[in-house]
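Asks: I have a structure I would like to understand better, so I am pasting it below and will then ask my questions one at a time.
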Amino acid sequence: MQVGSVTTPFGRRPMTLAMVANQVLAQEIEPEKSVDKWKLYRSLCEARSRLQITDRALAVMNALLSFYPKNELSVDNGLVVFPSNAQLSLRAHGMAEQTLRRHLAVLVEAGLLSRKDSANGKRYARRDRAGSIDEAFGFSLAPLLARADDIERLADEVVAERLHTQRLRERLTICSRDLSKLIETALEEGIAGDWAGTHLHYSALLGALPRKPGAIELTAALGEIEALRDEVANRLETQINQQKTSGNALQNERHIQNSNPDATSESEPALEKKQEENSVTGRHGGNERVKAFPLNMVLSACPDITMYGPGGGISSWRDLMAAAVVVRSMLGVSPSAYQQACEILGPENAAAVMACILERGGQINSAGGYLRDLTRRAEKGEFSLGPMLMALMRANAPGDRKAG
């Protein structure tokens, strides 16, 4: 190293080993090396998190580059700019001089800029007889040019990482949607299982993600949610296979019975079919009743009703129905409206609907009118309690939020 080629700061500003290293690095620039200053600046913006520089420091660098007369940074064109603080402040959008000094120091410490101070600390250029700049004092952009390849590499890494994170977010969003709808399907079809617990587990996985998750956190959450989705999908597939097997067996049995000359009565198969339809659809007294859902699912979706249970808690369907009567009276729902809901929906689901109405109290103007409307829709087969419970479970899940 040629010690005479290293310059020290003017005044009381200290000299550091990092400054020496930056000046030495600048001396190693190949003479023919050049780079588009604005392309390099864009790469610098992309890589700023890796270089630990702020957006205000980037604004100062942008202003400095604007004083460089050529688009191509190169040794042949000179690498020193010498604006005054007043000029630099104007091009940095009126940044205060004290703030300007602070961010210039940040750029120097980051190894993107170096000072080439004159004897009196002023910034100026000395020209030869032809008018060309012979020597300039100010800020040297040589460290920026020397690190151009490194900056572009860091920028490419940041862009690739951002795209990877974006794809992970998209996959997590799609997987979450699939899982949520598969759970709703399982509930609607009355498939046995702790679906409320599954949904709570899924919500907890999303809730555990930080506000701005990185690739590592997203990958871990995606793996667990994909496993949960595959488990639910396999259970639904198993149910479909069981239904196919059951349907084929029933069809074969009916074929044997219809082919049996010793059958006692031709009306018995018709009666058996009617009873089977009633057991599948849940029809009682001419009305189609909505399937009952697990009590723990109702309480997870509608925690507010718990305080109206006997003794301030709910541990059984009887407790929930007792609480629903209290809530019905409190919300001004008429006994006749609630009685009709019990007849159409069944007492358990009518109580669950009252719990949902209580949970959404701020969004419903007339609880009685809303209950009558749901009852009419249920009688026509147009209302399903499952999606309502699932929506409330999502709303009440701690820390639950969308992925991406």
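Asks: In region 95-142, which residue that is surrounded by 13 or more Cβ atoms within 10 Å (Cβ to Cβ) and among the polar types (S, T, N, Q) is nearest to the chain's Cα centre (by Cα)?
Replies: Of everything passing the filter in region 95-142, T99 is nearest to the chain's Cα centre (by Cα).
Asks: Now for a separate question. In region 178-204, what count of residues is obtained for those that are without any contact (Cβ under 8 Å) to a residue 40 or more places away in the chain and either closer than 19 Å to S384 by Cα or hydroxyl-bearing (S, T, Y) (or both)?
Replies: Looking only at region 178-204, we keep the residues that are without any contact (Cβ under 8 Å) to a residue 40 or more places away in the chain, and these are 181, 192, 198, 201-202.
Those left that are additionally either closer than 19 Å to S384 by Cα or hydroxyl-bearing (S, T, Y) (or both): 181, 192, 198, 202.
Residues that pass the stated criteria total 4.
Asks: Something else about it: What are the residue pairs meeting all of these: first residue in region 330-342, first residue more than 14 Å from S366 (Cα to Cα), second residue at pLDDT below 90 and open to solvent by less than 60 Å² (accessible area, probe 1.4 Å), Cβ atoms under 7 Å, and 6 or more apart or on different chains?
Replies: Every condition considered, no pair remains.
Asks: While we're looking at this one, here's another question. List, please: which pairs have Cβ atoms under 6 Å, are six or more places apart or on different chains, and start with a residue in region 211-229 that is more than 20 Å from S180 (Cβ to Cβ) and of a type outside the set (K, R) and end with one that is at pLDDT 90 or above and open to solvent by 70 Å² or more (accessible area, probe 1.4 Å)?
Replies: Here the result reads A215/H164, each pair linking region 211-229 to a residue that is at pLDDT 90 or above and open to solvent by 70 Å² or more (accessible area, probe 1.4 Å).
Asks: Considering only region 120-129, state which residues are over 24 Å from Y41 (Cα atoms) and either touching a residue at least 40 places away in the same chain (Cβ under 8 Å) or in contact with a helix residue (DSSP H, G or I) (Cβ under 6 Å, 6 or more places away or on another chain) (or both). Before the answer, list the steps.
Replies: Residues of region 120-129 over 24 Å from Y41 (Cα atoms): 120-122, 124-129.
Those that are over 24 Å from Y41 (Cα atoms) and either touching a residue at least 40 places away in the same chain (Cβ under 8 Å) or in contact with a helix residue (DSSP H, G or I) (Cβ under 6 Å, 6 or more places away or on another chain) (or both): N120, G121, Y124, A125.
Asks: Please determine, by comparing only the residues of region 274-318 that are within 17 Å of Y338 (Cβ to Cβ), open to solvent by less than 40 Å² (accessible area, probe 1.4 Å) and in a helix (DSSP H, G or I), which one is modelled with the highest pLDDT.
Replies: Selected residue: I305.
Asks: Picking from G369, G386, which residue would you name as being touching a Lys or Arg at 6+ places or on another chain (Cβ under 9 Å) and either part of a helix (DSSP H, G or I) or not small (G, A, S) (or both)?
Replies: On the way: G369 fails: touching a Lys or Arg at 6+ places or on another chain (Cβ under 9 Å).
It is G386.
Asks: So, one more: For region 131-148, does any single residue satisfy the condition of being part of a helix (DSSP H, G or I) and without any contact (Cβ under 8 Å) to a residue 24 or more places away in the chain?
Replies: The answer is no; no qualifying residue exists.
The values are calculated or read from the model by the stated rules, or taken from the named source; none is laboratory data. Note that the coordinates shown come from a computational prediction; the quantities given were computed from them, not determined experimentally. Here the Cβ is made from the backbone with ideal geometry for all residues, glycine too, and neighbour counts use every protein chain on show. Heads up: the accessible areas ignore ligands, DNA and RNA and are worked out on the full protein's heavy atoms, side chains in. Shrake-Rupley method; radii C 1.70, N 1.55, O 1.52, S 1.80 Å.
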